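Nothing in this text is a laboratory measurement; each read-out follows from the coordinates by a stated rule. Worth saying up front: this structure is predicted, and the values here are computed from it rather than measured.
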Amino acid sequence: ALTTFSTFSIEIVTLLQSGKLGMAILGISIHLIGSLIFTCLGLATYHWVAGH
């Protein structure tokens, strides 16, 4: 089975091989920004729960 990261990698490589550089950059950006946002939300939730 493919992991989330390997699926992400295949999607990006496929876009690059298809000559869709802009879509590949957009995909990378969305994944990275989304990952950082949800990591921050997870940490904030942990601190909120631990503080109660």
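Karplus-based coupling profile of region 39-52, in residue order and whole Hz: 5, 4, 5, x, 5, 5, 5, 4, 5, 5, 5, 5, x, 9, with θ = phi - 60° in 6.51 cos²θ - 1.76 cosθ + 1.60 and x standing for Gly or Pro.
Between the Cα long axis of helix 4-17 and the first principal axis of the chain there is an angle of about 30°, rounded to the nearest 10.
Shown in residue order for region 20-33 are the 3J(HN,Hα) couplings computed by the Karplus curve 6.51 cos²θ - 1.76 cosθ + 1.60 at θ = phi - 60°: 9, 4, x, 5, 5, 5, 4, x, 4, 4, 5, 5, 5, 5 Hz (x for Gly and Pro). The calculated 222 nm mean residue ellipticity attributable to helices in the chain amounts to -30500 deg cm²/dmol, summing -39500 (n - 2.57) over DSSP H runs of n ≥ 4 and dividing by all residues.
Only Cα sites of the chain enter the Debye sum here, all with the same form factor; the resulting log10 I(q)/I(0) across q = 0.19, 0.30 1/Å is -0.70, -1.04, listed in q order. Between region 1-18 and region 31-50, the C-alpha centres lie 24 angstrom from each other.
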